[in-house]
Amino acid sequence: MATATIHNLVDMSRSEIEWLITEYCFVARDREILKSRWLDGLTFEEISERHAISERQAKNIIRKNRERVLTHVDRLKLH
């Protein structure tokens, strides 16, 4: 099964995306950062200010968790 891309989230509800993040992102801070980016649309600069981390850290956290979360998008859509 091919991995979904971030564009696959467009057709999903906010609650489905939130569920995916909660279920497959294992660190509380990382979950909040993903939600800030994907659900609230914050920029990396805004995320770094809100969470007291560098923009580079914000990007790395999102990149690290993106693959894990997105691999489950297709599985969720099948239900």
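The values are calculated or read from the model by the stated rules, or taken from the named source; none is laboratory data. Here the structure is a predicted model, which is why all the values come from computation and not from measurement. Heads up: the accessible areas ignore ligands, DNA and RNA and are worked out on the full protein's heavy atoms, side chains in. Shrake-Rupley method; radii C 1.70, N 1.55, O 1.52, S 1.80 Å.
For region 13-26, the Karplus equation 6.51 cos²θ - 1.76 cosθ + 1.60, evaluated at θ = phi - 60°, returns couplings of 6, 4, 5, 5, 5, 4, 4, 4, 4, 4, 6, 10, 10, 8 Hz by residue, with Gly and Pro reported as x.
Tell me the per residue accessible area of the chain using a 1.4 Å probe; a whole number in Å² is fine. Intermediate results must be reported in sequence, preceding the final value.
Working: 5050 Å² over 79 residues.
Using a 1.4 Å probe on heavy atoms only, each residue of the chain averages 64 Å².
Asp40 exposes around 80 Å² of accessible area when a 1.4 Å probe is run over every protein chain in place.
Residue-wise HN-Hα couplings along region 54-67, as the Karplus relation 6.51 cos²θ - 1.76 cosθ + 1.60 with θ = phi - 60° gives them from phi, are 7, 4, 4, 4, 4, 4, 5, 5, 5, 4, 4, 8, 4, 4 Hz; Gly and Pro carry x. Computed from backbone phi with θ = phi - 60° and the Karplus coefficients 6.51, -1.76 and 1.60, the 3J(HN,Hα) list for region 33-47 is 5, 4, 5, 4, 7, 7, 9, 9, x, 6, 7, 4, 4, 5, 5 Hz; x is used for glycine and proline. When all alpha carbon pairs of the chain are counted in 10 Å bins from zero, the resulting P(r) reads 19, 54, 23, 3 %.
In whole percent, how big is the carbon plus sulfur part of the accessible area of the chain, probe 1.4 Å, protein atoms only? Kindly include the intermediate steps, with their values, before the conclusion.
Details: 2440 of 5050 Å².
Of all accessible area on the chain, carbon and sulfur atoms account for 48 percent.
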